[in-house]
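For reference, the structure is listed below as structure tokens.
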Amino acid sequence: MMETVLEAKMINKYFKKPVLFHVLKDISFKVREGEFASIMGKSGCGKSTLLYILSTMDTDYEGELYLNNELITGQEREHLSYIRNKHIGFVFQFHYLLSEFSVLENVMLPAKKLGEKTLQEIEHDAIEKLRVLEIDHLAKKRASRVSGGEKQRVAIARALINNPSIIMGDEPTGNLDSYNSDNVFNIFKQLSDEQGLSLLVVTHDLDFANKTDRIIEMGDGRILE
Amino acid sequence: MVNWKVILNIAKTHLITKIKQTATAALGVTFGIGAYITLVCFMTGLNGMLDDLILNQTPHIHIYNEIEPSEKQPVDLYYEFQNTINVVHSIKPKQSQKRIHNVLPIINYLNKDPEVRGAIPQIKTQVFYIAGSIEIGGNITGIDIMKEVELFNFKDYIVKGEPQDLKNNENGILLGSGIADKMSLDVGDRVQISPIKGDVFPLKIVGIFQSGIADIDNIQSFTNIKTVQRILGEAENYITDINVKLYDINKAIPLAKKIEQQFKLKAIDINTANAQFETGTTIRNLITYAVSITLLIVAGFGIYNILNMLIYEKMNDIAILKATGFSGKDVQLIFMSQAMIIGVVGGTLGLLIGFILSNAIDQVPFQTEALPTIETYPINHNPWFYVIGITFAMISTFLAGYLPSRKAKKIDPVKIIRGQ
């Protein structure tokens, strides 16, 4: 049996404005090492809200969250930033690169922040990640000058740079055509199969979800089994 | 743990890609600091000049014999009237000489005092200037010319001729410029001097004196002490005034009081004689600083504005930095360092511009009747102004950067990422 990477225990979340609204109700689930899970559900069912709680960026919730069996809930913001930096990789629907920096700098930035390796090692790692994703020829280009599909691959490379425990995606293919969507899926699949990376992806693309190891379906703030 | 290299690199990239806004913000500081340096150098230079105008000419303590009625009338001394109220009408000063008794020992005594830079004698008297058929009333002062030059910058007020010419000529006179104009006299001419008691003494004009104050230049002339003593027919110890210059002007008041008590003479200190001058200096300084600080505050608002705009433009960047593991503090430091870079660059350029401008003003000709010694606009090149300028630039950019950067620190990345 594989180790548990991410575990949510009885997570509840309320939106207080404009009126009190119970978004997430008693959410409990686990993501194991090497598992490629997707969260499906209709718009407004709370799946993105859940993802941002799992990502540690949203701290306003009830319940407990564990990453690598360490309790995350209630930690200092500084420490949460460190956890995001070291253990969690992000891929968003919109590519969210720093448009003024080069592709290579974008990929290197989280590693520079982590500061565990020398600049040469980081650069070597970054180019290696870009090569795996077949975009190493773009390294010196400015992030604003590459195409949408390429941007998303750069974002994946950035998510991978610190060798995180888990990669989270919020509709990572939502803004891409089917060719690029397949491409991104294949990359994820490959990372999961070959490197044993855990992935948790929010999507409402049924084709995408059907190809993942496990679908967590949500409705009205609950997990539907 | 703060990784300064990464933070500064991001700050630098932001600033360089938004070079126009950066330049605008930095120029705001540059002009603020530049104007401050120029203004403060110019204003304090002007203040210093006006102060010198008074301080150089005026003795710190002026000692003389005041003509005034005795405080104790003879009736007060009579023991039988001791416990009565005595009323004496129409008191007049008693006939006394203007000369200071025992003047030479007093001067020697004062010169030995460690606080005194110099005490020099003068004789003041009224005379008539006669040239041809014109007679003009005025004052003549007998001075020790070389000591006056040394202690009171007297040379600055001799517009024609040299101080040595007076020293070397027993019958020389430095004529006031107003008198010289009225009587059409110039250096080398002769003027007749007639004291009130009568007689006529011809003196040779060796120089022209101009203080810048027309009322003085129209009546005042200077000659050697011995010459005045001869005109008045008095002995060599006939001295009417002692002018004292101190090392520290603030000691003038206590020393003047001491002299009054010790020698029973009138001793006027410079602060009492020129009370209005201190007030003027204080107010001019106040205006200078008020204007300078206003300029710097305006520059500070410029930075505040531009950083605020930058943060709105960089919302996405801030969100992504936070999502990938940069803490709120890191983000705040990024924007703070941008503000500080703008402050340092703008401030340094401002110092440079202030330096260039104040030097340029120093070269501009400025000639006025009132100030014979001034040829260009006065500038006070005090290095402290530069220290204050750059310090204020740093403080104002820090404050201007602090509020927007705190906002950046508090931005919730989830809201930005989900908002799209």
Just one of (1) within 13 Å of chain B (Cβ to nearest Cβ); (2) over 19 Å from A:THR212 (Cα atoms) trips up A:LEU130, so point out which. (1)
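Take A:VAL184 and tell me if it is within 17 Å of A:TYR96 (Cβ to Cβ), out of contact with any Asp or Glu (no Cβ under 7 Å at 6 or more places or on another chain) and crowded, with 18+ Cβ neighbours inside 10 Å.
Numbers: within 17 Å of A:TYR96 (Cβ to Cβ): yes; out of contact with any Asp or Glu (no Cβ under 7 Å at 6 or more places or on another chain): yes; crowded, with 18+ Cβ neighbours inside 10 Å: yes.
Taking the combined requirement at face value, the residue satisfies it.
Step by step: first the residues of the range A:86-107, then only those that are in a helix (DSSP H, G or I) and buried (at least 24 other Cβ atoms within 10 Å of the Cβ), then the one that is farthest from the other protein chains (Cβ to nearest Cβ). Which residue is that?
Here the answer is A:VAL103.
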Of the numbered conditions (1) assigned to a loop (DSSP other than H, G, I, E, B); (2) crowded, with 18+ Cβ neighbours inside 10 Å, B:HIS381 satisfies every one except a single condition; which is it? (2)
Could you please tell me which pairs satisfy a Cβ distance under 6 Å, a separation of 6+ or placement on different chains, a first residue in the range B:78-94 that is closer than 15 Å to B:GLU68 by Cα, and a second residue that is surrounded by 10 or more Cβ atoms within 10 Å (Cβ to Cβ)? B:ILE91/B:PRO69; B:PRO93/B:ILE67; B:PRO93/B:GLU68; B:PRO93/B:PRO69
Do the conditions hold for B:GLY178, that is, is it assigned to a helix (DSSP H, G or I) and touching a residue at least 12 places away in the same chain (Cβ under 8 Å)? yes
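Residue-wise test of (1) at pLDDT 90 or above; (2) over 30 Å from B:GLY178 (Cα atoms); (3) buried (at least 16 other Cβ atoms within 10 Å of the Cβ).
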position	(1), (2), (3)
B:GLU66	no, no, no
B:TYR78	no, yes, no
B:ILE123	yes, no, yes
B:GLY132	no, no, no
B:GLY142	yes, no, yes
B:ILE145	no, no, yes
Out of the residues in the range B:1-22 that are in a loop (DSSP other than H, G, I, E, B) and more than 48 Å from the chain's Cα centre (by Cα), state the one that is nearest to the other protein chains (Cβ to nearest Cβ). B:ASN3
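Filtering the range A:39-60 down to residues that are assigned to a loop (DSSP other than H, G, I, E, B) and charged (D, E, K, R), which residue is farthest from the other protein chains (Cβ to nearest Cβ)?
A:LYS42
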Let me confirm something: among B:GLY347, B:GLY328, B:GLY343, B:GLY354, which residue is of a type outside the set (Val, Ile, Thr), touching a residue at least 12 places away in the same chain (Cβ under 8 Å) and touching a Lys or Arg at 6+ places or on another chain (Cβ under 6 Å)? B:GLY328
Quick one: how many residues across the range B:322-360 are in contact with a Pro (Cβ under 8 Å, 6 or more places away or on another chain) and under 28 Å from A:ILE167 (Cα atoms)? 4
What tally of residues in the range A:108-127 results from selecting those that are more than 10 Å from chain B (Cβ to nearest Cβ) and in a helix (DSSP H, G or I)? 8
Name, by its number, the condition in (1) more than 14 Å from every other protein chain (Cβ to nearest Cβ); (2) among the β-branched types (Val, Ile, Thr); (3) in a helix (DSSP H, G or I) that does not hold for B:ILE67. (3)
For the list (1) more than 21 Å from A:SER192 (Cβ to Cβ); (2) assigned to a loop (DSSP other than H, G, I, E, B); (3) more than 14 Å from chain B (Cβ to nearest Cβ); (4) out of contact with any Leu (no Cβ under 7 Å at 6 or more places or on another chain), I need the number of the one condition that A:GLY63 fails. (2)
Output the number of the condition that A:GLU78 fails; it satisfies all remaining conditions of (1) within 28 Å of B:ILE16 (Cα to Cα); (2) in a helix (DSSP H, G or I); (3) within 14 Å of another protein chain (Cβ to nearest Cβ). (1)
State which residue is farthest from the chain's Cα centre (by Cα) when the search covers only the range B:391-420 and only residues that are under 27 Å from B:PHE31 (Cα atoms) and surrounded by fewer than 18 Cβ atoms within 10 Å (Cβ to Cβ). B:ARG406
One residue is enough: does the range A:18-33 have a residue meeting the conditions buried (at least 19 other Cβ atoms within 10 Å of the Cβ), in contact (Cβ under 8 Å) with a residue 60 or more places away in the chain, not basic (Lys, Arg) and not in a strand (DSSP E or B)? no
How many of the residues in the range A:66-75 are under 13 Å from A:ILE166 (Cα atoms) and in a strand (DSSP E or B)? 2
Given the condition surrounded by 15 or more Cβ atoms within 10 Å (Cβ to Cβ) and over 20 Å from the mean Cα position of the chain (by Cα), answer yes or no: does some residue in the range A:58-73 qualify? yes
Select, from B:VAL331, B:VAL387, the only residue that is aliphatic (A, V, I, L, M) and away from chain A (no Cβ under 11 Å). B:VAL387
Being in contact with a strand residue (DSSP E or B) (Cβ under 6 Å, 6 or more places away or on another chain) and either aromatic (Phe, Trp, Tyr) or outside any strand (DSSP E or B) (or both) is the filter; apply it to the range B:130-153 and report the residue that is nearest to B:GLN57 (Cα to Cα). B:LEU151
Just checking, which of B:ILE225, B:ILE208, B:ILE216 is in contact with a strand residue (DSSP E or B) (Cβ under 9 Å, 6 or more places away or on another chain), surrounded by fewer than 20 Cβ atoms within 10 Å (Cβ to Cβ), closer than 21 Å to B:ILE374 by Cα and among the hydrophobic types (A, V, I, L, M, F, W, C)? B:ILE216
Any chance B:GLN276 is part of a helix (DSSP H, G or I), modelled with pLDDT of 80 or more and either more than 27 Å from B:ILE388 (Cβ to Cβ) or of a type in the set (Lys, Arg) (or both): no
Could you say whether any residue in the range B:293-307 is farther than 30 Å from A:ARG77 by Cβ and either within 14 Å of chain A (Cβ to nearest Cβ) or not in a helix (DSSP H, G or I) (or both)? no
Filter result (within 14 Å of another protein chain (Cβ to nearest Cβ) and touching a helix residue (DSSP H, G or I) at 6+ places or on another chain (Cβ under 8 Å)) within the range B:392-414: B:LYS409, B:LYS410, B:ILE411, B:PRO413, B:VAL414
Of the residues in the range A:136-153, those that are part of a helix (DSSP H, G or I) and surrounded by fewer than 18 Cβ atoms within 10 Å (Cβ to Cβ) come to A:ASP136, A:HIS137, A:SER144, A:ARG145, A:GLY148
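Is it true that some residue in the range B:212-222 is assigned to a helix (DSSP H, G or I), within 16 Å of B:VAL116 (Cα to Cα) and in contact (Cβ under 8 Å) with a residue 24 or more places away in the chain? Walk me through how you get there before you give the answer.
Our first condition is that a residue be assigned to a helix (DSSP H, G or I); within the range B:212-222, this holds for B:214-217.
Now restrict to residues that are within 16 Å of B:VAL116 (Cα to Cα): none.
There is no residue in the range B:212-222 that is assigned to a helix (DSSP H, G or I), within 16 Å of B:VAL116 (Cα to Cα) and in contact (Cβ under 8 Å) with a residue 24 or more places away in the chain.
The values are calculated or read from the model by the stated rules, or taken from the named source; none is laboratory data. Owing to the predicted nature of the structure, the values given are computational and were not obtained by experimental measurement. Methodologically, a virtual Cβ is constructed for each residue, glycine included, from the backbone with ideal geometry; neighbour enumeration extends over all protein chains shown.
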